[in-house]
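Trainee: After the structure tokens below, expect a handful of questions from me.
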Amino acid sequence: MQDSAALVEVEGVRKNFAVRAGFFGRARGQLRAVDAVDLRIACGEVLGVVGESGSGKSTLGRLVLRLLEPSGGRILFDGVEITHRPPAQIRPLRRRMQMIFQDPYASLDPRMRIGDALAEALRVAAPGPRAALRAQAADLLDQVGLPAEAMHRYPRAFSGGQRQRVAIARALAVRPDFLVADEPVSALDVSIQAGIIALLQQLRAELHLAMMFISHDLSVVEMLSDRVLVLYLGRTMETGPTAQVFAAPRHPYTRALLSAVPGRDRATGRRPFAIAGETPSPIAPPSGCVFRTRCPFAEAVCAETAPTLEPIGPARASACIRRDAIDLG
Amino acid sequence: MSMPSRAIAPKPDPLRVLAVEGLSTHFPTGRGVLRAVDGVSFDLARGEILAIVGESGSGKSVAGLSIMRLLHRSGGRIVGGRVLLTRRDGTDVDLVRLAEAPMRAVRRREIAMVFQDPMSSLNPVLTIGEQIAETIVQHRRCNAREAWRETLALLGRVGIPAAEARARDYPHELSGGMRQRAMLAIALACEPQILIADEATTALDVTVQAQIVALIAGLCREQQLGVIFVTHDLRLVTDIADRIAVMYCGQVVEEGPARAVLGAPRHPYTRALLACLPVAGDALHPIPGAPPDPIAPPAGCRFHPRCADAEDACRRAPPPRRTVGPAHAASCVRA
């Protein structure tokens, strides 16, 4: 991986949260939400981050944007280290990175007409006369598939899918190079979800937008991302080009996630690969490999040493020490 | 409305356990009457999984709540139709016209329901074991020791490991998946004929969701339970549903064997829904427009404003329900 055009580079990033007994209690321990994760996103590239609850995927998204300060590791945006920079020094870069969320309502001011909200975001990016800003706002709405008269409406007047389009328009107003999308379609009906996915596909092609697309839904990640990173309890289990990882996973957890997509095994002619149990508490993760308590292939050795992410071919890596000994079907 | 349950002549299908006929449930609102469920019909057999699939506002959940007559708090009212439950003695009873006291018995003994959020159904101050045992004692009038033994057996059957220890846990001490399993144990404690699962796996992690879906399918086969699986996720039922009813704006637009509905859908909305599902390599085809306002639905076929094939007839009158294959019907003039 010697892509000189890396826009986002993350090396061994960690985030620990103190676990307290009660609101004012003394810290009882550390919750390692994200534990030594490496990633790299090139200009115009989409990295899918897949994981279930407790995987640290949302924390990772916030770390990359420096909405959270990491406990360790390094974060670089366009070659500039932002790991511990104070907010005032990150602000100029922040225009180039934006975020959209599962609940777009939370990122829109309910008392502001959409046109005003967009014009304000546009003014921050490039001040100009009011009429010009309004015209640009109308263009933005057109770009996300909303009619120009949406300018005069308030967020509450939109359906969930339209609201997500507004949130995307607002994020695009500052002409970002990089977008973190945290479960942007999870709350939407499938007929609406398809429209938002198609919009994101179109925008990335038109705007050469790099994206970190966070989701628990592998089918959606498959549609949108060039490469994928599979997280479990804050650790990377597997990473690589999406098509390769999905066609031939090299970690039992990836295989289990794919098997949990309804109808997928039948469509691909694979045997079902269900795993028992649920993700353990991130406060007391298992020793060694964190996935071993649910892994059908776990042996004594898996409890002893924490596996490192080993390269297994061009741009692919797996953190399973038994990956060559097991048959994932 | 309250009259004694009356026997109705048995229907030909000996396995049929529930027949919903022309069910309509309305909610009065400030803007007018919301016809959440508008003339819905379907049958359910023992040992069968019927999936009711629809997007938000389609009326799928209200259909389930109407069968259970759990509408008082939301202000809804059943204004028409019948819900015929076949009791164990072979007689039918219309739940719509049943008095409240015998209806409570139906909810206790005949039809169980699990919801998306188990925390809202579980009692937070009683252990899981106490809640299951309580249900068993009420149901079978057995002594506490027997009830406890049965409780542990039930916890095992719904896949809760270390049942003895988990039975002494309070709901908040369990994970989401374990809570949903506990809810299923309570549901089974009543030995119901029918289980209604309303988005019961929606809030769970994907690997856990797969476990619970498989568990419900297994229970259906083992116990010959009739299962109504209400979900927004068409993909979720592809592996387990025997039959699928697709709802749109308060109405069932297509109903039939799962294989036929998924493999050769005859209603444009079903086809459009399937084309929305993300499949790598295929282009996505979102459905244009938005679901209609259920207070003022479009005239004629309710899907016509979003339908690529709509013609004049579709705008004029509601489409007839047409038989398009064995046990397969679609409400479309072009089906």
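Trainee: Net charge near A:G160, counting Lys/Arg +1 and Asp/Glu -1 over other residues with Cβ under 12 Å of its Cβ?
Mentor: Neighbourhood net charge equals 0.
Trainee: Using only Cα atoms, tell me the angle between helix B:206-223 and the longest principal axis of chain B; keep it within 0 to 90° and round to the nearest 10.
Mentor: 80
Trainee: As an exercise, use a Förster radius of 35 Å and the Cβ-Cβ distance of A:F24 and B:S120 to find the FRET efficiency, rounded to the nearest 0.05.
Mentor: That pair, A:F24 with B:S120, gives E of 0.70.
Trainee: Using a simple charge model, +1 on the beta-carbon of Lys and Arg, -1 on the beta-carbon of Asp and Glu, nothing else, what dipole does segment B:127-183 show about its Cα centre, in debye to the nearest 20?
Mentor: Once rounded to the nearest 20, the dipole reads 160 debye.
Trainee: Roughly what % of Cα-Cα distances in the protein assembly as shown sit above 51 Å, to the whole percent?
Mentor: Here the tail beyond 51 Å accounts for 15 percent of pairs.
Trainee: Here's another thing I want to ask about it. Please give the helix B:128-140 orientation as an angle from the longest Cα principal axis of chain B, in degrees from 0 to 90, rounded to the nearest 10.
Mentor: The helix B:128-140 is inclined about 90 degrees to chain B.
Trainee: Let me have the relative contact order for chain A, percent, based on Cα pairs under 8 Å that are six or more residues apart.
Mentor: In percent, rounded to a whole number, it is 20.
Trainee: Across segment B:117-214, how large is the tail of the calculated P(r) beyond 19 Å, expressed as a percent of all Cα pairs?
Mentor: In whole percent, the share of Cα-Cα pairs in segment B:117-214 beyond 19 Å is 37.
Trainee: On to the next question. Counting other beta carbons within 10 Å of each Cβ, put A:R91, A:R165 in order, fewest first. Could the numbers behind the result be given before it?
Mentor: Details: A:R91 10, A:R165 23.
Going from least to most buried by this count: A:R91, A:R165.
Trainee: Can you list residues from other chains, or at least 5 along the same chain, whose modelled amide H is less than 5 Å from the amide H of B:L18?
Mentor: B:L44, B:T86
Trainee: Moving on to the next point. Return the loop-located trypsin sites (Lys or Arg not before Pro) in segment A:221-281 (DSSP other than H, G, I, E, B) with at most 15 other Cβ atoms within 10 Å of their own Cβ; answer none if there are none.
Mentor: A:R270
Trainee: Hey, another quick one. Please list 3J(HN,Hα) in residue order for segment A:67-72, calculated via the Karplus relation 6.51 cos²θ - 1.76 cosθ + 1.60 where θ = phi - 60°; whole Hz, with x for glycine and proline.
Mentor: Ordered by residue, 3J(HN,Hα) equals 7, 10, 9, x, 8, x Hz.
Trainee: Right, here's the next one. Could you work out the relative contact order of chain B? I mean the mean sequence separation of Cα pairs under 8 Å and 6+ apart, divided by the number of residues, in percent.
Mentor: Taking the mean separation of contacting Cα pairs over the length of chain B, I get 21 percent.
Trainee: While we're here: Add +1 for every Lys or Arg and -1 for every Asp or Glu among the other residues with Cβ under 15 Å from the Cβ of A:S318, and state the total. Don't jump to the answer; show the numbers that get you there.
Mentor: Numbers: positive: A:R227, A:R235, A:R250, A:R255, A:R292, A:R316, A:R322, A:R323; negative: A:D38, A:E238, A:E310, A:D324, A:D327.
Overall, the nearby charge balance is +3.
Trainee: Another question about this same structure. Indicate, rounded to the nearest 5 percent, the antiparallel portion of the DSSP beta bridges found entirely in the protein assembly as shown.
Mentor: Numbers: 61 of 98 bridges.
Of those bridges, close to 60 percent are antiparallel.
Trainee: Based on the alpha-carbon set only, what is the convex hull volume of segment B:173-212 divided per residue, in Å³?
Mentor: That works out to 68 Å³ per residue.
Trainee: Mind putting a number on the dipole of the protein assembly as shown about its Cα centre? Charges go on the C-beta only, +1 for Lys and Arg and -1 for Asp and Glu, and I need it in Debye to the nearest 20.
Mentor: Result for the protein assembly as shown is approximately 1180 debye, rounded to the nearest 20.
Trainee: HN-Hα J couplings of segment B:61-75 from phi, Karplus 6.51/-1.76/1.60, θ = phi - 60°, integer Hz, Gly and Pro as x?
Mentor: Taking θ as phi minus 60°, the curve returns 6, 5, 4, x, 5, 5, 4, 7, 6, 9, 10, 4, 5, 8, x Hz for segment B:61-75.
Trainee: Report, for chain B, the % of DSSP beta bridges that are antiparallel, rounded to 5.
Mentor: Working: 33 of 52 bridges.
So the antiparallel bridges in chain B amount to around 65 percent.
Trainee: Taking the beta-carbon count within 10 Å as an exposure proxy, list A:M211, A:M112, B:M68 from fewest neighbours to most.
Mentor: A:M112, B:M68, A:M211
Trainee: In segment B:83-117, what trypsin sites (Lys or Arg not before Pro) fall in a loop by DSSP, with at most 14 other Cβ atoms inside 10 Å?
Mentor: B:R88
Trainee: Using only helices, what value at 222 nm comes out for chain A when you add -39,500 (n - 2.57) per DSSP H run of length 4 or more and divide by the total residues, to the nearest 500 deg cm²/dmol? Don't skip to the answer; put the middle values down first.
Mentor: On the way: 11 runs with 104 residues, N = 329.
So the helix-based figure for chain A works out to -9000 deg cm²/dmol.
Trainee: Would you tell me the mean number of C-beta atoms belonging to other protein chains that fall within 10 Å of each C-beta in A:180-190, as a whole number?
Mentor: Counting Cβ atoms of other protein chains within 10 Å of each residue's Cβ and averaging gives 3.
Trainee: Next up: Can you list which of the trypsin sites (Lys or Arg not before Pro) found in segment B:165-252 are DSSP loop residues with at most 12 other C-beta atoms within 10 Å?
Mentor: Numbers: sites: B:R166, B:R168, B:R179, B:R181, B:R221, B:R235, B:R243; in loops: B:R168.
Passing sites in segment B:165-252 are B:R168.
Trainee: Per residue of chain B, what 222 nm ellipticity follows from adding -39500 (n - 2.57) for every DSSP H run with n ≥ 4, rounded to the nearest 500?
Mentor: -9000 deg cm²/dmol
Trainee: In vacuum, with every alpha carbon of segment A:117-236 counted as one equal point scatterer, what does the Debye formula give for log10 I(q)/I(0) at q = 0.11, 0.23 Å⁻¹? Two decimals, please.
Mentor: Values returned for q = 0.11, 0.23 Å⁻¹ are -0.40, -1.39.
Trainee: Taking the C-alpha atoms of segment B:156-255, how large are the radius of gyration and the largest Cα-Cα span, Dmax, in Å?
Mentor: When restricted to the Cα atoms of segment B:156-255, Rg and Dmax are 14.5, 47 Å.
Trainee: Going by amide H atoms built from the backbone, whose H comes under 5 Å of the H on A:D217, apart from near neighbours?
Mentor: Amide H to amide H, under 5 Å and 5 or more residues apart or across chains, A:D217 pairs with nothing.
Trainee: If you bin every alpha carbon distance in chain A into 10 Å steps from zero, what whole percent lands in each bin?
Mentor: Reading the bins upward from 0: 5, 24, 31, 24, 12, 3, 0.
Trainee: Let me ask you something else. What's the exposure ranking of B:K60, A:K15, going from fewest to most Cβ atoms within 10 Å? Intermediate results must be reported in sequence, preceding the final value.
Mentor: On the way: B:K60 29, A:K15 22.
Ranked by crowding around the Cβ, least crowded first: A:K15, B:K60.
Trainee: What list of ³J(HN,Hα) couplings, whole Hz, do you get for segment B:318-335 from phi and the Karplus terms 6.51, -1.76, 1.60, once you set θ to phi - 60° and write x for glycine and proline?
Mentor: x, x, x, 7, 10, 7, 10, x, x, 6, 10, 9, 9, 9, 8, 5, 9, 5
Trainee: Semi-axes of the equivalent ellipsoid for segment A:8-82, please: Cα gyration tensor eigenvalues, times 5, square-rooted, ordered largest first, whole Å. Before the final figure, lay out each step's value.
Mentor: Working: eigenvalues 138, 38, 17 Å².
One finds semi-axes of 26, 14, 9 Å for segment A:8-82.
Trainee: Taking one equal scatterer on every alpha-carbon of segment A:43-193, how large is log10 of I(q)/I(0) by Debye at q = 0.14, 0.17, 0.20, 0.21 1/Å?
Mentor: Taking Cα atoms of segment A:43-193 as identical point scatterers yields -0.75, -1.06, -1.30, -1.37.
Trainee: Follow-up question, since we're still on this one. Return a whole-number percent for the relative contact order of segment B:133-234, with Cα pairs under 8 Å and 6 or more residues apart as the contact set. It would help to have the intermediate numbers written out before the result.
Mentor: Numbers: 91 pairs, mean separation 25.4, N = 102.
Worked out over segment B:133-234, it gives 25 percent.
Trainee: Continuing with this model, one more query. Hey, if you put +1 on the Cβ of every Lys and Arg and -1 on every Asp and Glu Cβ in segment B:250-335, which of B:A329, B:A296, B:V253 ends up farthest toward the positive end of that dipole?
Mentor: Of the candidates, B:A329 comes out farthest on the positive side.
Trainee: Under a point spin-label approximation (7 Å from Cα along Cα-to-Cβ), what is the A:D327-A:E120 distance to one decimal in nm?
Mentor: Placing both labels 7 Å along Cα→Cβ, they lie 6.1 nm apart.
Trainee: Let me ask another. Taking chain A as the reference, fit the longest principal axis to its C-alpha atoms, fit the long axis of helix A:160-172 to the helix C-alpha atoms, and give the angle between the two in degrees, 0 to 90, nearest 10.
Mentor: Once rounded, the angle reads 80 degrees.
Trainee: To continue, here is another question. Roughly how many whole Å is it from the C-alpha centroid of segment A:257-329 to that of segment B:102-138?
Mentor: What the calculation gives is 36 Å, centre to centre.
Trainee: Within the set of other residues whose C-beta is less than 10 Å from the C-beta of B:M178, count the net charge using Lys and Arg as +1 and Asp and Glu as -1. Numbers along the way, then the final one.
Mentor: Numbers: positive: B:R166, B:R179, B:R181; negative: A:E278, B:D169, B:E173.
Result for the local shell: 0.
Trainee: Further, regarding this structure: Can you list the residues of segment B:108-137 with backbone N under 20 Å from a point 7 Å past the Cα of B:H172, pointing along Cα to Cβ?
Mentor: Answer for this model: B:117-132.
Trainee: What would the Debye formula give as log10 I(q)/I(0) at q = 0.09, 0.11, 0.12, 0.19 Å⁻¹ for the alpha-carbon point model of segment B:47-190, no solvent?
Mentor: -0.33, -0.49, -0.59, -1.22
Trainee: Work out, in µm²/s and without decimals, the Stokes-Einstein translational diffusion coefficient of segment B:233-282 at 10 °C, 1.306 mPa s, Rh from Kirkwood over C-alpha pairs.
Mentor: The Stokes-Einstein estimate is 141 µm²/s.
Trainee: Starting from the amide H of B:V114, placed 1.01 Å from N in the peptide plane, find each other amide H under 5 Å away whose residue is 5 or more places distant or on another chain.
Mentor: The answer is B:I196, B:A197, B:D198.
FYI, it's all coordinate maths here, none of it is from the lab. As the structure is a prediction and not an experimental result, all values here were calculated from the model. Ideal geometry is used to build each Cβ from the backbone, glycine not excepted, and the neighbour counts take in all protein chains shown.
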